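Trainee: Could you have a look at this structure, given as structure tokens, before my questions?
Rule-based calculations on the coordinates, nothing more; no lab input. Bear in mind the structure is a predicted one, so any value in this text is a computation, not a measurement. We place every Cβ from the backbone using ideal geometry, glycine too, and count neighbours over all the protein chains shown.
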Amino acid sequence: MQSQQIVTPTSTALVTRAQYFGQTESLLDRWLPGCSARLSRVCCSLAERLPFSVREVLNEALTQNRLANIVDSLLALPQSENQYTRHVLHADPEGRFTVVGLVWAPQQFSPVHAHFTWCAYRVLTGELTETQYTWDSATDTAVSAKTITRRAGQSACGHAGLDFIHRLGNATRTNKAGSEPAVSIHVYGVDADRISSHVNRLLAVNE
């Protein structure tokens with residue numbers, strides 16, 4: 001019988017795997033007028049519907065004629081060379097949610113994680129490879145279940161807890177001709193001051 005390898009994330013991974021650049025104004029309101037107001041309204045939805053309602057807002061607001069400007073604007077912001085970059089685009093004044101723009105250069109990935117809060121995201125350009133995991137309570141580890149490709153225009157969402165475990169990243173090879181970063185927008189049910197510590201729940205992986 002082949003031995004199993006348990007990979008345990010380090011305590012610093014949540015901070016070092018991504019770099020945040022905070023904003024002093026709502027870039028979301030500048031780029032997508034009315035979107036933050038709609039997100040505020042759906043925060044009154046029933047808890048079981050909340051991430052799905054947020055996902056619907058993203059899908060309706062991010063229309064094709066707006067995407068090019070949003071992507072160009074995000075790519076014009078400072079980027080980290082060593083890890084994927086997260087830009088805070090909007091902080092809800094009541095602390096109910098934060099909107100973040102993510103830029104993924106080729107071969108940049110998140111760690112395997114669940115979430116401490118509900119979340120929803122949509123891919124704006126490029127492709128994200130998402131490996132989904134199931135939770136093995138006997139070993140307290142995440143087990144790879146399947147890998148899918150999220151293309152531009154596709155979205156996903158989930159609740160806090162261990163039912164939505166995944167790893168996201170741009171699997172494009174860096175030496176591929178014309179390779180471009182992937183860009184996505186994510187909404188998390190947490191205030192901006194806790195965005196770097198209360199979103200991703202890092203998990204050990206049974207490989």
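Trainee: Pick from 196, 137, 40: which residue has the top mean-square fluctuation in a GNM of the chain where Cα pairs under 10 Å get a spring?
Mentor: Answer for the Gaussian network model of the chain: 137.
Trainee: What ranking of 67, 28 emerges when the number of other C-beta atoms within 10 Å of each C-beta is taken as an exposure proxy, fewest first?
Mentor: Numbers: 67 15, 28 24.
Ordered from fewest to most neighbouring Cβ atoms within 10 Å, 67, 28 come out as 67, 28.
Trainee: Further question: Tell me the Kirkwood radius of segment 125-170: reciprocal of the mean inverse pair distance over distinct alpha-carbon atoms, in Å. Don't skip to the answer; put the middle values down first.
Mentor: Numbers: mean 1/r = 0.0864 Å⁻¹.
After inverting the pairwise mean of 1/r, the radius is 11.6 Å.
Trainee: What's the long-distance tail for the chain, i.e. % of Cα pairs beyond 30 Å?
Mentor: Working: 3881 of 21321 pairs.
Tail fraction, whole percent: 18.
Trainee: Need one number: the % of Cα-Cα pairs in segment 86-160 sitting beyond the 17 Å mark.
Mentor: Looking at segment 86-160, the distances longer than 17 Å represent 56 percent of pairs.
Trainee: Got the relative contact order for the chain handy, in percent, Cα pairs under 8 Å and 6 or more residues apart?
Mentor: Working: 453 pairs, mean separation 59.8, N = 207.
Reported as a whole number, the value is 29 percent.
Trainee: Also, I was wondering about something else. Quick check on the chain: helices-only [θ] at 222 nm, where DSSP H runs of length 4 and up contribute -39,500 (n - 2.57) each and the sum goes over total residues. Nearest 500, please.
Mentor: Values: 5 runs with 41 residues, N = 207.
That comes out to -5500 deg cm²/dmol.
Trainee: Next question, about the same structure. Could you tally the net charge around residue 143, taking each other residue with its Cβ under 13 Å from the Cβ of residue 143, Lys/Arg +1 and Asp/Glu -1?
Mentor: Values: positive: 146, 167; negative: 136, 140, 207.
So the surrounding residues net to -1.
Trainee: Taking only Cα atoms and a 10 Å spring cutoff, compute GNM fluctuations for the chain and point out the largest among 161, 126, 169.
Mentor: Ranking 161, 126, 169 by mean-square fluctuation puts 161 first.
Trainee: Under a point-charge model restricted to the Cβ atoms of Lys and Arg (+1) and Asp and Glu (-1), what is the dipole moment magnitude of the chain relative to its Cα centre, in debye to the nearest 20? Before the final figure, lay out each step's value.
Mentor: On the way: 18 positive and 18 negative charges, 68 e Å.
Computed about the Cα centre, the dipole is about 320 debye.
Trainee: Along the positive direction of the dipole of the chain (beta-carbon charges: Lys, Arg +1; Asp, Glu -1; about the Cα centre), which of 202, 119, 181 reaches farthest?
Mentor: My answer, from the dipole projection, is 181.
Trainee: Moving on. When a footprinting reagent is the concern and you count Cβ atoms within 10 Å, what order do 135, 118, 31 take, fewest first? List each step's numbers first, then the result.
Mentor: Working: 135 16, 118 22, 31 19.
Least to most surrounded, the residues fall as 135, 31, 118.
Trainee: What does the charge count around residue 92 come to, taking other residues whose C-beta lies under 15 Å from its C-beta (Lys +1, Arg +1, Asp -1, Glu -1)? List each step's numbers first, then the result.
Mentor: Working: positive: 38, 41, 96, 194; negative: 25, 29, 94, 191, 193.
Neighbour charge sum, excluding residue 92 itself: -1.
Trainee: Where does each of 165, 185, 195, 148 land when they are ranked from fewest to most other beta-carbon atoms within 10 angstrom? Don't skip to the answer; put the middle values down first.
Mentor: Details: 165 23, 185 26, 195 20, 148 13.
The most exposed by this proxy come first: 148, 195, 165, 185.
Trainee: While we're looking at this one, here's another question. For the chain, find the longest principal axis of its Cα atoms and tell me its angle to the long axis of helix 64-75, 0 to 90°, nearest 10.
Mentor: 70
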